[in-house]
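First the structure, then my questions, so here it is.
The values are calculated or read from the model by the stated rules, or taken from the named source; none is laboratory data. Computed from a predicted model, the values in this text were never measured in an experiment. Here the Cβ positions follow ideal geometry from the backbone for every residue, glycine too, while neighbour counts run over all protein chains shown. Side chains included, ligands, DNA and RNA excluded: accessible areas come from the protein's heavy atoms. Shrake-Rupley method; radii C 1.70, N 1.55, O 1.52, S 1.80 Å.
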Amino acid sequence: MLSLISLHLPLHLRSPRNAAAVAIGTAAIAGIAWYTLRRPRRSAEEIEHERRELLASIGRITDGSITDAPIRQDGQAGTSAGSLIIVYNYRIAGVSYECAQDVSSLAEHVRDVRADLPIQVRYDMHNPGNSIVVSESWSGLRLSPHPHDHETT
């Protein structure tokens, strides 16, 4: 059977060296395909965390203002009832941008936020619509110095 297959192959593929190269190439392609299909996928939270950290480290800073802020419930900035989203706007090179950032996972960094509050925004200079107002390592929010000043005892 093997002798019949070799008769149908072109002359340059009959050499053992070329057959080995084809086999190694096929194995490499199969390995790459297997890795691509089986590698662990990053979660949406991991992707968002990486985006925030990238903007916190290399993003340019501009001034902006909050247009809509999360509502505080029972003196807590973060509740498990739903998402906390800060809607803000800023202007770069004569273009106005209105963006929103989900700060549910950053509740400990967000307090006393209200609409019309001036903020600093970090944005990607190559894509100005990609921006943040708070991350784990940076905050453009103007926060009160004491996190529990608003509570009454």
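Hey, can you tell me all the residues within segment 49-66 that are closer than 18 Å to P118 by Cα and either at pLDDT below 85 or surrounded by fewer than 15 Cβ atoms within 10 Å (Cβ to Cβ) (or both)?
Scanning segment 49-66 gives R60, I61, D63, S65.
So which residues in segment 1-47 are among the aromatic types (F, W, Y) and either surrounded by 10 or more Cβ atoms within 10 Å (Cβ to Cβ) or modelled with pLDDT under 65 (or both), if there are any at all?
W34
Quick one: R91 ticks every box in (1) modelled with pLDDT under 95; (2) open to solvent by 80 Å² or more (accessible area, probe 1.4 Å) except a single one, so which number is it?
Result: R91 fails condition (1) only.
Report, by residue number, each residue of segment 96-117 that is modelled with pLDDT under 90, open to solvent by 60 Å² or more (accessible area, probe 1.4 Å) and over 18 Å from the mean Cα position of the chain (by Cα).
Result: E108, R114, D116.
Could you run through segment 130-143 and say how many residues are outside any strand (DSSP E or B) and open to solvent by 20 Å² or more (accessible area, probe 1.4 Å)?
Qualifying residue count, segment 130-143: 5.
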